[in-house]
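Please read the structure below before turning to the comments.
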Amino acid sequence: MKTMTISVFAVLILFGCGNKTQESKKEETVEKTEEVTKEVITPQLRHVVLFKFKETSSEEDIEGVKQAFNELPSKIAEIKGYEWGLNNSPENLNKGLTHCYFLTFTSEADRDAYLIHPDHKAFGEIAVPHIADVVVVDYWAN
């Protein structure tokens, strides 16, 4: 009986040590994963463009501007991410701005190259005659 009690006690000690070792390994894995994640994450510069179209612009005119903007990511390599959408906020605070374009760049140099790119300038020639107002905001994502 004494031998059995000692054996059970020894097994419990071994399992207890094993759990602590596993917990330590888990903590090390989490720490390494966090380090790798920090290294992999690249800063992202966001470029947000909001358009209000002129009342005199037809649906075809607006569609032409939209299509021209949508073509830019395939023409300008510095654009790393792109999406667009129409305002649908129920707050009615958009001040007539209806179309939102959201571009991502990895550096200010890439954004600056986009701004002077011939395809961006050609897009401006298509868009400007139909734009009543535009708001542009650039920021580094946190």
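Points to keep in mind about this one:
- Qualifying residues in the range 97-142 (those that are acidic (Asp, Glu) and within 18 Å of Arg46 (Cβ to Cβ)) - the one farthest from the chain's Cα centre (by Cα): Asp112
- In the range 85-142, the residue that is surrounded by the fewest Cβ atoms within 10 Å (Cβ to Cβ) out of those that are of a type in the set (Ser, Thr, Tyr) and not in a strand (DSSP E or B) is Ser89.
Just so you know, all these numbers are worked out from the coordinates, no wet-lab data involved. Model, not experiment: these values are computed from the prediction. Glycine also receives a Cβ, built like all others from the backbone with ideal geometry; neighbour counts cover every protein chain displayed.
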